[in-house]
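Here is the structure we will look at.
Coordinate-derived values only; no laboratory data. These numbers come from a predicted model, not from an experiment. Here the Cβ positions follow ideal geometry from the backbone for every residue, glycine too, while neighbour counts run over all protein chains shown.
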Amino acid sequence: MTLKDANCEVERLDNEIELLLKEKEVLEASVDIQAVSTDKMIVDGGKRVDKLLEYVEIKEIKQLDEKIQLKQSRKLNLMDWIEKELKILKKYDKVEQLIVYYKDICLKKYTWREIATLVHYSKEQCQRIYKKYHKLRFFNKDDTL
């Protein structure tokens, strides 16, 4: 997983958490006790409540809570991983950081030739630096991702 993939995954998890929170809010609004209107003079006969429906909605709220916790823990794990990767990246020189940035983090997909011209290194040297960073055994030189 690259840093760009991790950042995209964090954004996706944020969206899913927000969606689940909105669903939970809608369910809670249907289950919660409604406010009593004090301006009515006539007393109504009372409302019939379907206890089974309330039980199902409460159970759905608990399931949503579990999903939200799972997504939040996944997001925290990814954020920790990103932080550790950035600490590793700080150990390298500025040019090496740029190469990894252009290849992994930047949203535009650069080829090795474009990266080489941007950092004023040869294509092969850029690939060696990138390979050193990722510690890959099998490295495809024709990779344009």
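Assorted remarks:
- Peptides ranked, highest mean first, by Cβ atoms within 10 Å: ranges 87-97, 123-133: 123-133, 87-97
- Scalar couplings 3J(HN,Hα) for segment 84-96, obtained by applying the Karplus form with A = 6.51, B = -1.76, C = 1.60 to θ = phi - 60°, are 5, 5, 5, 5, 4, 5, 5, 6, 8, 5, 4, 5, 5 Hz; x denotes Gly and Pro.
- Charged-residue dipole, Cβ positions (Lys, Arg, Asp, Glu), segment 59-104 about Cα centre, Debye nearest 20: 80
- Here the extension length gained between MET1 and TYR92 equals 30.8 nm, from 0.36 nm per residue of separation less the Cα-Cα distance.
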